[in-house]
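The values are calculated or read from the model by the stated rules, or taken from the named source; none is laboratory data. Everything quoted here is computed from the prediction, not taken from an experiment. Note that each Cβ is placed from the backbone with ideal geometry, even for glycine, and that neighbours are counted across all protein chains shown. Areas reflect the complete protein model, heavy atoms only, side chains present, ligands, DNA and RNA absent. Shrake-Rupley method; radii C 1.70, N 1.55, O 1.52, S 1.80 Å.
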Amino acid sequence: MEQPVCACLWSKIDEQIERTAHLIGVLPAGSLEFVPTIPGCWPAGVLLGHLLECMAGICAVLFAAEPERLRHFEQLREFPVNHRCGKDEARERIALYRARIEEGFSLLRDADLSRRLRTVFVSHGEPVLTLLLGNLEHLINHKHQLFTYLKMMGVVVDSRDLYRFRGE
């Protein structure tokens, strides 16, 4: 049975993961220590590690939705996030998270999206869809942060680096 809402959501998450990996790919050599001149900003390498946390968050929601069938997702917790991360490590881990997220979505049904999952923030739970959208928003915000860093570094990037243009 086809799951059209899950398929659309997976497609958008996949787009954001792919575009994030693309932006990481255009980071200039030696740029991991770049820090914008805005107080409190992270070095670019730490931002890469945080982007991994964003994707790990999506995996965590999928695991919570299907803990028995996705038990092997627990091993993802062994990987560091929020650390200074190099481009190669970031791309390898993104590929791993992308594969796991696709796997999780293959088990998800549209009806599951309204099921409530307990969280550390909301004891009575939040819908799976709300949790997935929150984690997607987190990824998109930090993807744009990387885009901004690239612009500040003088890398020529534009909207096509942020989004897939459908219909082209």
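Key figures
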read-out	value
Mean projected area (nm²) of the alpha-carbon convex hull when the stretch 61-115 is viewed from all directions	4.3
Stretch in the chain that is longest and holds no chymotrypsin sites (Phe, Trp or Tyr not before Pro) that DSSP places in a loop and that have at most 15 other beta carbons within 10 Å	1-120
Whole-percent carbon and sulfur share, accessible surface of the chain, 1.4 Å	57
For the stretch 71-168, Kirkwood radius (reciprocal of mean inverse C-alpha pair distance, Å)	16.4
Computed over the stretch 3-150, the ratio Rg/Rh where both radii use C-alpha atoms and Rh is Kirkwood	0.99
Alpha carbon centroid spacing (whole Å) that separates the stretch 89-119 from the stretch 37-70	12
For the chain, accessible area per residue (1.4 Å probe, heavy atoms of protein chains only), Å²	53
Residue-averaged 222 nm ellipticity for the chain, from DSSP H runs of 4+ at -39500 (n - 2.57), nearest 500	-19000 deg cm²/dmol
Trypsin sites (Lys or Arg not before Pro) lying in DSSP loop within the stretch 104-168, provided at most 16 other Cβ fall within 10 Å	Arg109, Arg115, Arg118, Arg164, Arg166
Loop-resident sites, the stretch 1-72, for GluC sites (Glu not before Pro), counting at most 11 other Cβ within 10 Å (DSSP)	Glu2, Glu33, Glu68
